[in-house]
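Novice: Below: one structure in structure tokens.
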Amino acid sequence: MSSTTAATAVSPAERTGARTDEAAALIGGARERIDTLDDRIIGLVQERMAVSAVIQEARITSGGRRVNLSRETAVLGHYSDALGKPGTALAMTLLELCRGRV
């Protein structure tokens, strides 16, 4: 190993912020699982956006408005009940992502 490589090599413990290699291994595996979950969540959000676009198109085509505020209020309440105040923020972000894609 060259001195340049040795100087820039980072141990798993340093990369994860763990104090031991065992903890670093656990964190590394858990982070891989989180990355997989994040990919699934992104896919689900994209699917939700597509379904929302279908609903908005049908509503607009029938003479209705793009946004149904009572439905959005129900979604906000659902997320808030399940996740608390951060759930409301998450729901607001989802609603924003799903509006106006028609």
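Novice: Output the number of residues of region 85-95 satisfying the condition of being under 14 Å from V51 (Cα atoms) and over 12 Å from the mean Cα position of the chain (by Cα). Step through it out loud before you land on a result.
Specialist: Looking only at region 85-95, we keep the residues that are under 14 Å from V51 (Cα atoms), and these are 94-95.
Pick out the ones that are also over 12 Å from the mean Cα position of the chain (by Cα) and you get 95.
Adding up the residues that qualify gives 1.
Novice: Which of the residues belonging to region 50-69 are among the aliphatic types (A, V, I, L, M) and either open to solvent by 70 Å² or more (accessible area, probe 1.4 Å) or within 30 Å of V10 (Cα to Cα) (or both)? Spell out how you get there, then give the answer.
Specialist: Within region 50-69, the first condition is being among the aliphatic types (A, V, I, L, M), and the residues that meet it are 50-51, 53-55, 58, 60, 67, 69.
Scanning region 50-69 gives V51, V54, I55, I60, L69.
Novice: One residue is enough: does region 34-49 have a residue meeting the conditions among the small types (G, A, S) and surrounded by 11 or more Cβ atoms within 10 Å (Cβ to Cβ)?
Specialist: Residues of region 34-49 among the small types (G, A, S): 43.
Subset that is surrounded by 11 or more Cβ atoms within 10 Å (Cβ to Cβ): none.
So far as region 34-49 goes, no, none of its residues is among the small types (G, A, S) and surrounded by 11 or more Cβ atoms within 10 Å (Cβ to Cβ).
The values are calculated or read from the model by the stated rules, or taken from the named source; none is laboratory data. Nothing here was measured: the structure is a model prediction, and the numbers come from that model. Glycine gets a Cβ as well: all are built from the backbone with ideal geometry, and neighbour counts include every protein chain shown. Heads up: the accessible areas ignore ligands, DNA and RNA and are worked out on the full protein's heavy atoms, side chains in. Shrake-Rupley method; radii C 1.70, N 1.55, O 1.52, S 1.80 Å.
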